[in-house]
Amino acid sequence: FFFGMAGVPHHAHTSGKTSCSRIVNFKFSAPIVVVVLLGLVWYNGFLFLEPSGQVVPVSHASLTITVNEHHHHHHHINKGFNDQVHRDGPQLPKRKHATPSPTPMKSEEPQTPPLGVTTQEAPSNSHHLEGTNVDTSTRSTSVSALSLAGFDGLEPDEVLRRLEDHQEITFLSIGDWGRNSPPKTMLADAMAQWSERENAAFILSCGDSFYSSPTHKNHGIASVHDPYIKECFEDVFHHPALQRQKWFISIGNHDYPPHAPTTNIQAQVAYTKLSKRWYLPAPYYTYKVKAKGWSVEIFVLDHYDPKEYNSINTANPYPVQFPWLEQKLKASTADWKIMLCHRPFYSSGSWHGTYPLWKKAIYPILMKYKVQVYFAGDDHILEALKDSAGFVHIVSGAGSHMHGFGRTDRNSLFKFNKHGFTLHKMNHTHMHTKLIDFNGKVLYEFDITRDGLRSKV
């Protein structure tokens with residue numbers, strides 16, 4: 001419209017014409033049009049659109065700094081780590097396999113800011129929200145970049161054993177990946193690229209591993225010989241970098257009736273004995289990973305256990321799992337304690353969202369024993385949250401088909417509703433987290449300290 005007005009010759013305007021010609025007679029010049037358009041571009045830089053078309057203002061008090069191809073602004077959070085942040089993801093030699101490769105990534109020279117640099121290149125369906133800023137008052141000591149390249153070709157148990165000689169541990173999280181699609185294939189490839197580059201040692205799988213599909217009538221699996229295990233898991237996450245990692249599995253609601261009327265939870269448990277990487281020894285369990293001079297322990301709960309699920313709104317919720325959990329947490333000597341459970345209690349997802357009853361039941365236990373991070377899926381989004389007590393909650397449910405956003409949780413730091421996963425690098429005192437999309441691009445990253453929890457919200 002503006003360019004049309006700018007291009008009308010002045011001699012074509014007459015005072016006797018219609019109101020339209022009088023509008024044109026304002027004599028818009030090309031410089032004015034450029035200024036107007038630049039103003040619109042500047043204004044649009046402060047807005048993002050919800051999938052529904054709702055305009056959401058972006059808070060510039062959040063941790064993320066917008067990065068474009070011409071201007072890179074670095075916000076230093078944790079100078080103690082050393083890492084090469086390549087915003088378009090790592091590049092690997094082309095592999096010979098049947099699955100398609102992701103969209104080619106930009107080639108640029110790797111940069112070497114500290115690991116704690118917060119960067120962001122936000123697509124239209126990602127949202128920056130004002131959250132509690134990461135505490136940066138405590139800096140970690142320098143951590144050398146220890147290469148785990150010698151892990152190539154090793155089995156998962158041996159990889160975990162050799163971590164005892166290293167000061168860092170890197171791992172991924174992904175959830176709700178139980179249905180195949182082209183984006184899921186791309187996601188698996190991106191996970192493999194980042195795993196190979198960062199030498200990831202294990203994966204947290206946040207539940208709902210097997211949905212129904214055109215080739216698989218029911219949710220879940222019927223037996224250890226169910227062909228859907230191969231179709232949905234083994235043939236998709238087949239890259240050697242994903243084969244050498246232990247997959248710590250959690251049970252989701254689609255593994256139980258009524259979603260999965262013919263499923264067999266024990267089949268998923270039994271598959272642990274047939275697979276070198278699938279690890280689900282029981283519906284709820286713990287696993288301790290040791291590094292050089294420190295350790296992290298993973299505590300896995302079965303939120304949707306039908307024998308306990310209906311007890312959540314009683315005076316004695318989860319009468320079997322909660323006493324077991326408290327006993328395990330009390331006895332733990334790990335420096336880091338991580339909870340893995342399919343159901344989130346903080347979430348901005350439209351399907352489940354924040355769940356006050358579950359928070360009321362589980363949160364006091366987590367705070368009492370200083371659990372630092374909670375991993376969940378269930379809502380098919382990717383989100384990082386951090387409450388006023390410093391407790392970090394990751395929703396990593398973006399592995400298969402996606403959900404939209406509902407009411408934004410007040411603790412949200414960043415949310416994204418396309419396929420993606422998270423990557424975490426830990427040492428004795430700090431953990432650095434990246435949220436990564438299915439093209440391998442870093443969307444958001446932040447740091448936490450091991451002792452950053454306060455007593456109460």
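The values are calculated or read from the model by the stated rules, or taken from the named source; none is laboratory data. Computed from a prediction, not measured in an experiment: that's the story for all the values here. Methodologically, a virtual Cβ is constructed for each residue, glycine included, from the backbone with ideal geometry; neighbour enumeration extends over all protein chains shown. Please note that ligands, DNA and RNA were not included when accessible areas were found on the heavy atoms of the full protein model with its side chains. Shrake-Rupley method; radii C 1.70, N 1.55, O 1.52, S 1.80 Å.
Overview of results
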quantity: Filter result (of a type in the set (Ser, Thr, Tyr) and part of a loop (DSSP other than H, G, I, E, B)) within region 413-457; calculated: 429, 455
quantity: Residue match in region 356-370 (condition: outside any helix (DSSP H, G or I) and either closer than 19 Å to residue 430 by Cβ or open to solvent by less than 10 Å² (accessible area, probe 1.4 Å) (or both)); calculated: yes
quantity: Those residues of region 390-407 which are of a type in the set (A, V, I, L, M, F, W, C), open to solvent by less than 10 Å² (accessible area, probe 1.4 Å) and over 10 Å from the mean Cα position of the chain (by Cα), in sequence order; calculated: 391, 392
quantity: Members of region 348-379 found to be of a type outside the set (D, E, K, R), within 20 Å of residue 422 (Cβ to Cβ) and either in contact with a Pro (Cβ under 9 Å, 6 or more places away or on another chain) or at pLDDT 90 or above (or both), listed by number; calculated: 348, 352, 353, 354, 366, 371, 372, 373, 374, 375, 376, 377
quantity: Test: residue in region 215-226 that is crowded, with 24+ Cβ neighbours inside 10 Å and in contact with a Pro (Cβ under 8 Å, 6 or more places away or on another chain); calculated: no
quantity: Residues (assigned to a loop (DSSP other than H, G, I, E, B), more than 17 Å from the chain's Cα centre (by Cα) and not acidic (Asp, Glu)) located in region 161-200; calculated: 166, 167, 179, 180, 181, 199
quantity: First in region 271-297 and free of Cβ contacts under 8 Å to residues at least 40 places away in the same chain, second anywhere and open to solvent by 60 Å² or more (accessible area, probe 1.4 Å) and among the aromatic types (Phe, Trp, Tyr), Cβ under 7 Å, 6 or more apart; calculated: none
quantity: Where a residue in region 303-315 is over 14 Å from residue 325 (Cβ atoms) and its partner, wherever it lies, is open to solvent by less than 100 Å² (accessible area, probe 1.4 Å) and of a type in the set (D, E, K, R), with Cβ under 8 Å and at least six apart; calculated: 304/255; 304/343
quantity: Failed criterion for residue 315 (all others in (1) on the phi < 0 side of the Ramachandran plot; (2) open to solvent by less than 40 Å² (accessible area, probe 1.4 Å); (3) part of a loop (DSSP other than H, G, I, E, B); (4) out of contact with any Lys or Arg (no Cβ under 7 Å at 6 or more places or on another chain) hold); calculated: (2)
quantity: In region 210-226, the residues that are within 13 Å of residue 267 (Cβ to Cβ) and without any contact (Cβ under 8 Å) to a residue 12 or more places away in the chain; calculated: 225
quantity: Conditions (1) more than 24 Å from the chain's Cα centre (by Cα); (2) part of a loop (DSSP other than H, G, I, E, B); (3) of a type outside the set (Val, Ile, Thr); number of the one not met by residue 270; calculated: (2)
quantity: Contacts under 8 angstrom Cβ, first residue in region 408-437 being over 15 Å from residue 191 (Cβ atoms) and open to solvent by less than 10 Å² (accessible area, probe 1.4 Å), partner in a strand (DSSP E or B) and among the basic types (Lys, Arg), 6 or more apart; calculated: 413/386; 431/425; 432/425
quantity: Index of the failed condition, residue 327 passing every other in (1) without any contact (Cβ under 8 Å) to a residue 40 or more places away in the chain; (2) over 29 Å from residue 168 (Cα atoms); (3) assigned to a helix (DSSP H, G or I); calculated: (2)
quantity: Conditions (1) touching a Lys or Arg at 6+ places or on another chain (Cβ under 7 Å); (2) under 21 Å from residue 289 (Cβ atoms); number of the one not met by residue 248; calculated: (1)
quantity: Filter result (open to solvent by less than 80 Å² (accessible area, probe 1.4 Å), of a type in the set (D, E, K, R) and more than 21 Å from residue 274 (Cβ to Cβ)) within region 149-168; calculated: 168
quantity: Meets criteria (touching a Ser or Thr at 6+ places or on another chain (Cβ under 8 Å), on the phi > 0 side of the Ramachandran plot and not small (Gly, Ala, Ser)) for residue 355; calculated: no
quantity: Candidates 373, 320, 296, filtered to the one that is within 24 Å of residue 407 (Cα to Cα), out of contact with any helix residue (DSSP H, G or I) (no Cβ under 8 Å at 6 or more places or on another chain) and aliphatic (A, V, I, L, M); calculated: 373
quantity: Criterion (of a type in the set (A, V, I, L, M) and out of contact with any strand residue (DSSP E or B) (no Cβ under 6 Å at 6 or more places or on another chain)) met by exactly one of 204, 301, 280; calculated: 301
